[in-house]
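Scroll down for the structure; my scribbles are underneath it.
Please treat every number below as a calculation from the coordinates, not as lab data. Only a predicted model underlies this, so the values are computations on that prediction, with no experimental measurement involved. Cβ: placed from backbone, ideal geometry, glycine included. Neighbour counts: every protein chain shown.
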Amino acid sequence: MSAKAVEQVETRGKLYEGKAKIVYATSDPRLIVQYFKDDATAFNALKRGTIVGKGVINNRLSAALFERLERAKVPTHYLRTLSDREMLCRRLDIIKIETIVRNVVAGSLAKRTGLDEGTPIRQPIVELYYKSDPLGDPMLNDDHVRMLKLATPAELGWIRRMALRINGVLRPHLLKHGLVLVDFKLEFGRAGGRLYLGDEISPDTCRLWDRETRERLDKDRFRQDLGGVEEAYQEVYRRLVGPV
Ligand code: TMP
Ligand code: ASP
């Protein structure tokens, strides 16, 4: 996409409002604007709340991580930061799969396996979930993905390889800043015959633990009513980007 096309874009009407973001159309049908809200939900929106300043942090942090991934040859939908809460992105046809990568046992994996939270995983695990609010995002395997025609086998192969490449970039980067990348969620989509990483990468979509104390510095503080939610998001931002 030419720099000029990206320069001249204007925001138009709302296309979609999700739990944490709003997507706007633009004057260019190939581009959208992602607006990051402070709203937080958990447990398929049974729990709702606000994390003050989260939108600004997630917008800026996602931008920094997308830029790092692009340098490592991961194609992302991110094009440019427009404001504190808005980024310009390629418009993707989102694949209805949530891809989760895990380096340490936590959350639903602890529940499913009975292993203690914090158990290291020798070889990172990739899991697939059906992105469907009415169904509550159930787990899928490759055969289910084929049956539901959510992605072709070639696309799924690419998604799995890319998910591990992203983990290979983010995990050491975060560790250098004192953060253990426990697990994270990715979404991918198609545009112009290619696949891109979409959505966001933030403490909403990653589990991040302090390397020394194992303190939770992510949305689990909101999910589990641990307190200090805003402070945790600010701490992650400070370590990875700079002063809040
Ligand atoms: P889980 O342990 O609850 O399956 O979550 C795994 C990772 O995925 C964790 O980093 C949080 C993230 N996640 C989302 O981004 N959105 C979701 O709806 C869920 C359930 C998890
Ligand atoms: N945001 C998701 C929801 O409301 C879940 C989560 O992140 O825990 O269901």
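Applying a threshold of 26 Å to the alpha-carbon distances of Lys21/Lys185; Lys14/Lys96; Lys54/Lys185; Lys21/Lys131; Lys19/Lys73 flags Lys19/Lys73 as lying beyond it. Rounded to the nearest 500, the helix-only mean residue ellipticity at 222 nm of the chain stands at -9500 deg cm²/dmol, with each DSSP H run of n ≥ 4 adding -39,500 (n - 2.57).
Mind checking region 115-158 for trypsin sites (Lys or Arg not before Pro) that DSSP puts in a loop (not H, G, I, E or B) and that have at most 11 other Cβ atoms within 10 Å? Passing both the DSSP loop test and the Cβ count: Lys149.
Within region 137-244, the GluC sites (Glu not before Pro) that combine a DSSP coil assignment with at most 13 other C-beta atoms in a 10 angstrom radius are Glu212. Remark: region 85-244 projects, on average over all directions, an area of 10.7 nm² (convex hull of Cα atoms).
Along its first, second and third principal axes, ordered by size, region 3-106 spans 44, 32, 27 Å in Cα coordinates. Legend: ranking of residues Leu109, Leu46 from fewest to most surrounding C-beta atoms inside 10 Å; resulting order Leu46, Leu109. Taking the Cα-to-Cβ direction at Gln8 and at Met139 and moving 7 Å from each Cα, how far apart do the two end points lie in nm? Each label point is offset 7 Å from its Cα along the Cβ direction, giving 5.1 nm. When Rg and the Kirkwood radius Rh are both evaluated on Cα atoms of region 22-77, their ratio Rg/Rh stands at 1.06. Based on Cα contacts under 8 Å between residues 6+ apart, the chain shows a relative contact order of 17 percent. Rounded to the nearest 20 debye, the dipole size of the chain about its Cα centre is 600 debye, using +1 on the Cβ of Lys and Arg and -1 on the Cβ of Asp and Glu.
A cut-off of 5 Å between modelled amide H atoms, ignoring neighbours fewer than 5 places along the same chain, links Leu140 with Leu128, Tyr129, Tyr130. Orientation-averaged projection of region 95-189 equals 6.6 nm² [convex hull of Cα atoms, one quarter of hull surface area]. For a modelled paramagnetic label at Arg112, 7 Å from Cα along Cα-to-Cβ, the residues of region 172-188 in reach, with backbone nitrogen under 16 Å, are 183-186. Once the C-beta distance of Arg122 and Phe43 is scaled by a Förster radius of 30 Å, the resulting FRET efficiency is 0.50 to the nearest 0.05.
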